[in-house]
Each structure stands twice: as structure tokens, then as C-alpha cells.
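Data first, discussion second: the structure below is written as C-alpha cells.
The values are calculated or read from the model by the stated rules, or taken from the named source; none is laboratory data. Quantities reported herein were computed from a predicted structural model and do not represent experimental measurements. All Cβ positions, glycine included, derive from the backbone under ideal geometry; neighbour counts span all protein chains shown. Remember, those area values only see protein heavy atoms, side chains included, never the ligands or the DNA or RNA. Shrake-Rupley method; radii C 1.70, N 1.55, O 1.52, S 1.80 Å.
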Amino acid sequence: NAGVTQTPKFQVLKTGQSMTLQCAQDMNHNSMYWYRQDPGMGLRLIYYSASEGTTDKGEVPNGYNVSRLNKREFSLRLESAAPSQTSVYFCASRGEGGYSNQPQHFGDGTRLSIL
Amino acid sequence: GNSVTQMEGPVTLSEEAFLTINCTYTATGYPSLFWYVQYPGEGLQLLLKATKADDKGSNKGFEATYRKETTSFHLEKGSVQVSDSAVYFCALSALNDMRFGAGTRLTVKP
């Protein structure tokens, strides 16, 4: 079982460049999430999508956009990358409409460096 | 708002030692509580969960009890192994609000 797949695994960008991080899940989950992980700060929610066709801002949405392309795929876009966006990005999904007692399933992350 | 506070690391133990990682939370309503584990280069994996007060989650020798009166969900293991070396995250979930602690790095030495 693939679970949650993220691409690419590593990326280096120059300040001002744009890129899209891809995420796909094969568990037929309704809810999908994007987090960033920074040392000493745990995971912080950037955006989430409770169902196909809906997206909502999380704790740190500035500088990012998302697209819920279909039930399987949820992409994160950096329009003009900044060094402060250097981080490890994780995609996650959760089933059953996002009921709070269900755990999230995580991808292996994208390690993004912005010079 | 909702938040999670867990003990700062790093924690270094000898094999077969007892482990406790403290976690306390602040939340409105009745959240579900989770412990996740992260191995190097990987995403977070669910270790255990508890969905209501006094529930005990357990898995692979790890345990945690949902204590509403002290708003805590401390992780324990009686005898750690080298293979338990990882970063551990406490988390709470209330509807679509998911909050994580900062993580505690555990290193177990042979």
C-alpha cells in the first residue's frame, strides 16, 4: 500500500522562484492537509481540505496556495519562494470526513531549501 | 485556542530504562489525543491514541492515559530499546483543528 505519496523528496530553489509540491493518497480519504516542520516548533498547519472542492487556511497560510485537484490529490504552491519557507513539508490525509478521533496518515515529506 | 505542550528534549536513556515523556494540552470541548513517532527521513506514524477521558492507548509496549482532570497524556514505556530512538510528538484533534507538540527526541544507547 502506497498510502500518502509526496513529490519531490528534495528541492532547492532560489529566492523568487515558484514551485508546486504534489501529494496523492490512495486510501479514499476525504480530508487532506499540508504542514511545515521546523526545528523546535513541531508541525504547523498551512492549509487543509475537508473534502473535494473545499480548502481552508490553517495556522501559517501566508505565501502559499493550495489546490484540491480531486479526491486523491492536494497540491501546495509557493508563488515566490522566500528563505523563510525553507522547511520540511508534510502532506497528510484522514478519513471519515475528518472526524477528530481518526488519526492522520503522513507522507515522507519534501525537504525544501530556498537560497 | 487549542495547544499542546510536551517536555523538551533531547532525552538520552540506556537500553531497558523506563521512559516518560510528559504532554499536557489546552482545548475547548473534548479532543482526541495522539502520540506519533517519527524516524529519520520519514513522516509521522501513529503510535497510539485515546478518544475520551480515562482511555488508555497502547502499542508496542508504549502506553498513555487520557487524564482530563490534569489535561495530560504522558507517554510511558517500561523498558526501552535502541530501536525506539526517534522523535515523539504529542497531538490533539478537535474537528479539523490538529495541534502538535514541538517533539521530543529520544536516543537509546546500548
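For chain A, the extents of the C-alpha atoms along the principal axes are 40, 29, 27 Å, listed from largest to smallest. Projected label points at A:Lys9 and B:Ser85, each 7 Å from Cα along the beta carbon direction, are separated by 2.1 nanometres. A cut-off under 12 angstrom between Cβ atoms defines the neighbours of A:Gln22, and their net charge, with Lys, Arg +1 and Asp, Glu -1, is +2.
Given springs between every Cα pair under 10 Å in a Gaussian network model of chain A, which of A:Val66, A:Val88, A:Val12 has the largest fluctuation? Maximum fluctuation in the GNM of chain A, among the listed residues, is at A:Val12. Determine which residues of the range A:20-58 fall in the zone a paramagnetic label at B:Arg105 would reach in this model, i.e. backbone nitrogen under 20 Å from the point 7 Å along Cα→Cβ. Residues passing the 20 Å test: A:36-44. Straight-distance candidates among the lysines for linking to B:Lys49, with alpha-carbon spacing under 30 Å and chain neighbours fewer than 8 residues away dropped: A:Lys9, A:Lys57, A:Lys71, B:Lys60, B:Lys68, B:Lys77, B:Lys109. For B:Val82, the shell of other residues with beta-carbons less than 9 Å away shows a net charge of -1, using +1 for Lys and Arg and -1 for Asp and Glu.
Which residue fluctuates most in the GNM of chain A (Cα springs below 10 Å): A:Asn70, A:Asn30, A:Asn101? Sorting by GNM fluctuation, first place goes to A:Asn101. Here the ratio of the Cα radius of gyration of chain B to 2.2 N^0.38 Å is 1.01. Note on chain A: with neighbouring protein chains present and a 1.4 Å probe, carbon and sulfur make up 47 percent of its accessible heavy-atom surface.
Each Lys and Arg Cβ is given +1 and each Asp and Glu Cβ -1; about its Cα centre, chain B then shows a dipole of about 140 debye.
Across the range B:60-104, the relative contact order, built from alpha-carbon pairs under 8 Å that are at least six residues apart, equals 25 percent.
Which distance in Å, rounded to a whole number, links the C-alpha centroids of the range A:52-115 and the range A:21-42? Centre-to-centre distance over Cα atoms comes out at 5 Å.
Once the 1.4 Å probe is applied to the protein heavy atoms, chain B comes out at 48 Å² accessible per residue. Sparsely packed loop sites in the range A:1-107 (the trypsin sites (Lys or Arg not before Pro) outside DSSP H, G, I, E and B with at most 14 other Cβ atoms within 10 Å) comprise A:Lys9, A:Lys14. Largest mean-square fluctuation among B:Ser58, B:Ser14, B:Ser85, in a Gaussian network model of chain B whose springs join Cα atoms under 10 Å apart, belongs to B:Ser14.
Summing charges over all other residues whose Cβ lies under 15 Å from the Cβ of A:Phe90, with Lys and Arg as +1 and Asp and Glu as -1, gives +2. Among the protein heavy atoms of chain B, carbon and sulfur supply 48% of the accessible surface, probe 1.4 Å, non-protein parts ignored. List the residues of the range A:66-115 for which accessible area in the full set of protein chains is at least 20 Å² lower than for the chain on its own; 1.4 Å probe, protein heavy atoms only. So the qualifying set is A:Phe90, A:Arg94, A:Ser100, A:Asn101, A:Pro103, A:Gln104, A:Phe106, A:Asp108, A:Arg111. Would you mind giving the total buried accessible surface between chains A and B, with a 1.4 Å probe and ligands, DNA and RNA left out, rounded to the nearest 100 Å²? Approximately 1700 Å² gets buried when A meets B. For the range A:68-95, the residues whose backbone nitrogen is under 14 Å from a point 7 Å from the Cα of A:Met19, taken along Cα to Cβ, are A:76-90.
Taking 0.36 nm per residue of separation and subtracting the Cα-Cα distance, full extension of the segment from A:Met27 to A:Ser84 would add 17.3 nm.
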